[in-house]
Amino acid sequence: MAAPESGDGNNGAARMVTLISSDNTRFEVEAAAASLSQTLQLTILDGGGGGGDGIPLPNVDSATLSKVLEYCIKHAPAAANGGAPNATAVDRAELERFDNEFVNIDQSVLYSLIMAAHNLEIEGLQSLVAKKVADMIKGKSPMEIRRTLGFPDPTPEEQAEMNAHMLEYGWAYE
Amino acid sequence: MDDGSGAGPRDWISALPDELLHVILSFVDDARDIMRTAVLSRRWRHMWVHAKNLNFCSLNLKNCTAPGGFPGFVDWVLAHRAETTMDSLVIWMTQKSRAASPEQIDAWLRYAVRHVLKSLRVQLVGEQKDHKAVVVLLPSICRTSYISLSLSTNMSILQLPALATANYEALTELYLHSPSFSEQGPVLGDFVTSCCHSLRRLSISAPKALFQLVLRSEELQQLEIYWAFDLRTLDVTAPNLRVHSMFVTAISGFPARHLVSSVASLLIRCSRHLRLLRLSIPVFTPRRDIAKCFCDNLEDKWEIPGKIALE
């Protein structure tokens, strides 16, 4: 795991931090990757998470955290370059391919991921998942959206309200 | 919210906080798609009225049967929005869409500069039926930081607000495409000089009736002027203009002789920051005898030949 020349100039070896999921699994990860999370970044800058301490994340289970860290590790080098002006087109294409693949997952995982990204303030990941969900809404009829996103069946009362709305603004639903 | 197994609830999207639903809606972008979410469930019924980004593009709404067509749809949505601020608003009309009336355009702009904080992009094209000039009035008070206004409507005239009451302190970037400037009211240079103190970038392309542009700006870093056929005097004092940032030029393929063909005087005071000034001026300018370029760090010694590039 020795990563030359990364980290914050700590003599070659990258600084590592430990994150502890809600089900008590410990993840050791480079500080640079964990710092994609704005919330973790503050703790890490304060010197937390090193040694045997670990940073507890009571809202994130291990399955979700491992997925989140997969994203962070992949995106950390580009983030370290500050938007990566020196990134090649190949690098960017590779990140894009990774992103597309990454959100090609079950909706329950999308849910856990966007919640975790929101709690940990990982903006890139939050946007990535939000965009994926937005694609399920764009250009679809309300019925298609409800089916795709698994909305519960409306109560008769709700259905009546919706019908009235659609009757009034039919032009929006053609 | 989290059942610990990593699997979300079946109706997981309803379990998301409002804040996240708005992040999702901001990526949905298209105004009609956003409005349609009103019938997803009771919770969604009024979600869309707080949407942070709205994009009205007449191409996406080609066969819009809303009362009043595309402009009517824009009116309807803006009228039903909550009185909250938004990040971005795009109103993009194409040739085929029904033209908006001057009153509608004024109302959109008034609404936009009060509610949109980050980015406002408006394109108005299409001909007015009666071929009368449409005056587009820029409102007095503006909270928006980025404005791009494209007025390709034939005969649409941009009227700037009265200098004494106008407040454009929030504005940092202004793009004006094919504006026709009004003979009445303030001129663009005075408007920028006295009301847009935070403006860092000004881009003007294909202006009509822009005869002179006299600018004094502390913050201005980038200035671009394209296809300024009517421009006679360009006089800019901007100590913070950056390298490679000032272009008075044509895009490639456009016949150079149509470009700023009769600039009589050009004054640019911009200190050492400006390293390159590119001017494409026709070789056979009809008024070549009086064409002169004054630039502080060039010691007034430049006359405009066919083309100059100063390093």
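The values are calculated or read from the model by the stated rules, or taken from the named source; none is laboratory data. Everything quoted here is computed from the prediction, not taken from an experiment. Don't worry about glycine lacking a Cβ; one is built from the backbone with ideal geometry, like all the others, and counts go over all protein chains shown.
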Anything in the range B:16-45 that is more than 7 Å from chain A (Cβ to nearest Cβ), modelled with pLDDT under 90 and either surrounded by fewer than 16 Cβ atoms within 10 Å (Cβ to Cβ) or outside any loop (DSSP other than H, G, I, E, B) (or both)? List them, or say none. B:ARG43
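May I ask you to verify whether A:ILE145 is of a type in the set (Val, Ile, Thr), without any contact (Cβ under 8 Å) to a residue 12 or more places away in the chain and within 14 Å of chain B (Cβ to nearest Cβ)?
Details: of a type in the set (Val, Ile, Thr): yes; without any contact (Cβ under 8 Å) to a residue 12 or more places away in the chain: yes; within 14 Å of chain B (Cβ to nearest Cβ): yes.
The answer is yes for A:ILE145.
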Condition first: surrounded by 12 or more Cβ atoms within 10 Å (Cβ to Cβ), more than 9 Å from every other protein chain (Cβ to nearest Cβ) and more than 18 Å from A:CYS72 (Cβ to Cβ). Can you find one or more residues in the range A:118-134 that meet it? no
What pairs can you find where one residue is in the range B:184-205 and assigned by TED's automatic domain parsing to the domain that holds B:ALA164 and among the basic types (Lys, Arg), the other is surrounded by 22 or more Cβ atoms within 10 Å (Cβ to Cβ) and assigned to a loop (DSSP other than H, G, I, E, B), and their Cβ atoms are less than 8 Å apart, with a gap of 6+ or different chains? B:ARG200/B:LEU220; B:ARG201/B:LEU220
With respect to the numbered conditions (1) modelled with pLDDT of 95 or more; (2) in a strand (DSSP E or B); (3) closer than 22 Å to B:SER58 by Cα, which one is the sole condition not fulfilled by B:LEU117? (3)
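Listed here are the residues, each with its yes/no results for (1) among the β-branched types (Val, Ile, Thr); (2) under 16 Å from A:CYS72 (Cβ atoms); (3) at pLDDT 70 or above.
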| residue | (1), (2), (3) |
| --- | --- |
| A:ASP8 | no, no, no |
| A:LEU19 | no, yes, yes |
| A:SER22 | no, no, yes |
| A:GLU28 | no, yes, yes |
| A:ALA33 | no, yes, yes |
| A:SER37 | no, yes, yes |
| A:LEU42 | no, yes, yes |
| A:ASP46 | no, no, yes |
Looking only at the range B:85-114, which residues are among the charged types (D, E, K, R) and modelled with pLDDT of 85 or more? B:ASP87, B:GLU103, B:ASP106, B:ARG110, B:ARG114
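Among the listed residues B:THR165, B:THR153, which satisfies the condition of being modelled with pLDDT of 90 or more and part of a loop (DSSP other than H, G, I, E, B)? Walk me through it before giving the result.
Values: B:THR153 fails: modelled with pLDDT of 90 or more.
Of B:THR165, B:THR153, the one residue that is modelled with pLDDT of 90 or more and part of a loop (DSSP other than H, G, I, E, B) is B:THR165.
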Quick test for you: out of A:GLU158, A:GLU174, A:GLU96, A:GLU168, pick the one residue that is without any contact (Cβ under 8 Å) to a residue 24 or more places away in the chain, surrounded by 15 or more Cβ atoms within 10 Å (Cβ to Cβ) and out of contact with any helix residue (DSSP H, G or I) (no Cβ under 6 Å at 6 or more places or on another chain). A:GLU158
Subset of the range A:27-54 (residues that are closer than 19 Å to A:SER112 by Cβ and not in a helix (DSSP H, G or I)): A:PHE27, A:VAL29, A:LEU36, A:SER37
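Could you tell me whether the range A:52-65 includes any residue that is at the interface with chain B (Cβ under 10 Å from one of its Cβ atoms), under 28 Å from A:ARG15 (Cα atoms), surrounded by fewer than 14 Cβ atoms within 10 Å (Cβ to Cβ) and more than 16 Å from the chain's Cα centre (by Cα)? Write out each step before concluding.
Looking only at the range A:52-65, we keep the residues that are at the interface with chain B (Cβ under 10 Å from one of its Cβ atoms), and these are A:58-65.
With under 28 Å from A:ARG15 (Cα atoms) added as a condition, the list becomes A:58-65.
Retained after the next criterion (residues that are surrounded by fewer than 14 Cβ atoms within 10 Å (Cβ to Cβ)): A:58.
Filter once more, so that each one left must be more than 16 Å from the chain's Cα centre (by Cα): A:58.
Yes, the range A:52-65 contains at least one residue that is at the interface with chain B (Cβ under 10 Å from one of its Cβ atoms), under 28 Å from A:ARG15 (Cα atoms), surrounded by fewer than 14 Cβ atoms within 10 Å (Cβ to Cβ) and more than 16 Å from the chain's Cα centre (by Cα).
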Has the range B:82-96 got any residue that is over 25 Å from B:SER182 (Cβ atoms), charged (D, E, K, R) and under 13 Å from the mean Cα position of the chain (by Cα)? no
